[in-house]
Amino acid sequence: VWQAVVVPKTQYYTATTLDGYLAGPGNSLDWLLAAEERSGSEANAARGRAFTAFFEQVGAIVMGATTYESIVDREGLLAEPARWPYGQVPCWVLTHRRLPVVSGAPVSFAAGDVAAVHKEMTEAAGGRNVWLVGGGEVVGQFADLGLVDEIILAVAPATAGAGAPLLPRVLGPAELSLTACRHDDMFVYLSYAVSYHA
Ligand SMILES: NC(=O)c1ccc[n+]([C@@H]2O[C@H](COP(=O)([O-])OP(=O)(O)OC[C@H]3O[C@@H](n4cnc5c(N)ncnc54)[C@H](OP(=O)(O)O)[C@@H]3O)[C@@H](O)[C@H]2O)c1
């Protein structure tokens, strides 16, 4: 009897500006908030459902220290830890420092080679996908090891001019295959399968 085997993926899923920044100067997400504000309620709701469907398939997440600190700061998580946005999905934070812990959030801190982190994440994910939240240099470290399977972008109608880069690596059309392209009233959604050639 044949059974469908779903191979878990390591996915970089993020919003980005048109000029390839995850955040503007000073870690600003104003461009993202402005895009969401100007988007219609139906499109916002559909986007929320799409994120929920994506996140249901995620079994482990990883982010850099700056991303973690901005979430903690923006959501006021030290005062209100229940606002932690990722539920009980195990989360790795890459840092060389001792960062504050959000009470009750399943966060592990790690440093150095991301190969070991990816192995732990894959085990913890138990057959679900691994979500690389960002930033770009963190995702670049996984890409350097051939560990990124898919890049999924929501491109906002905004430029930031400078800031945190989407993916400061060199990848070309030999590595990136466009697998989906759609849009709503505000964002363009692009999906790429990533393959590596020695
Ligand atoms: N648009 C979106 O949807 C989206 C998605 C993700 C992020 N963002 C935003 O984009 C910005 C991302 O910032 P970023 O790219 O500059 O930084 P980041 O990737 O979030 O964090 C970088 C920091 O992580 C630590 N780090 C990275 N790799 C490490 C390793 N292998 N071992 C130990 N520590 C390591 C280092 O911090 P230390 O050495 O200081 O500990 C490094 O300075 C943030 O503002 C974030 O909020 C937006």
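The values are calculated or read from the model by the stated rules, or taken from the named source; none is laboratory data. Because the structure is a prediction, the values reported are computed rather than measured. Positions of Cβ are generated from backbone atoms using ideal geometry, with glycine treated the same way; all protein chains shown enter the neighbour counts.
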Picking from LEU147, LEU176, LEU171, the residue that is in contact with a helix residue (DSSP H, G or I) (Cβ under 8 Å, 6 or more places away or on another chain), more than 16 Å from the ligand (Cβ to nearest atom), in contact (Cβ under 8 Å) with a residue 24 or more places away in the chain and not charged (D, E, K, R) would be LEU171
Of those in segment 1-35 that are of a type in the set (Phe, Trp, Tyr) and at pLDDT 95 or above, the residue nearest to THR122 (Cα to Cα) is TYR12
Of the residues in segment 57-92, those that are over 21 Å from GLY26 (Cβ atoms) and surrounded by 15 or more Cβ atoms within 10 Å (Cβ to Cβ) number 13
Within segment 142-154, residues out of contact with any Leu (no Cβ under 6 Å at 6 or more places or on another chain) and either assigned to a loop (DSSP other than H, G, I, E, B) or under 11 Å from THR14 (Cα atoms) (or both) come out as LEU145, GLY146, LEU147, VAL148, ASP149, ILE151, ILE152, ALA154
Residue pairs within 6 Å by beta carbon, gap of at least six or interchain, first lying in segment 123-138 and closer than 11 Å to PRO8 by Cα, second within 16 Å of the ligand (Cβ to nearest atom) and in a helix (DSSP H, G or I), listed first then second, are VAL130/MET121
Of the residues in segment 34-43, those that are loosely packed, with under 15 Cβ neighbours inside 10 Å, assigned to a helix (DSSP H, G or I) and not basic (Lys, Arg) come to ALA34, GLU37, SER41, GLU42
Screening GLY26, GLY48, GLY59 for residues that are among the small types (Gly, Ala, Ser) and more than 16 Å from the ligand (Cβ to nearest atom) leaves only GLY59
Restricted to segment 167-189 and to residues being closer than 18 Å to THR17 by Cβ and acidic (Asp, Glu), the residue surrounded by the fewest Cβ atoms within 10 Å (Cβ to Cβ) is ASP185
* Asked: Restricting attention to segment 99-114, does a residue exist that is in contact (Cβ under 8 Å) with a residue 24 or more places away in the chain, over 23 Å from LEU166 (Cα atoms), near the ligand (Cβ under 8 Å from one of its atoms) and more than 17 Å from the chain's Cα centre (by Cα)?
  -> yes
Residues in segment 120-136 that are within 14 Å of the ligand (Cβ to nearest atom) and either surrounded by fewer than 18 Cβ atoms within 10 Å (Cβ to Cβ) or within 20 Å of VAL6 (Cβ to Cβ) (or both) total 4
Residues in segment 142-164 that are within 17 Å of PRO25 (Cα to Cα) and either within 15 Å of the chain's Cα centre (by Cα) or of a type in the set (Val, Ile, Thr) (or both) total 2
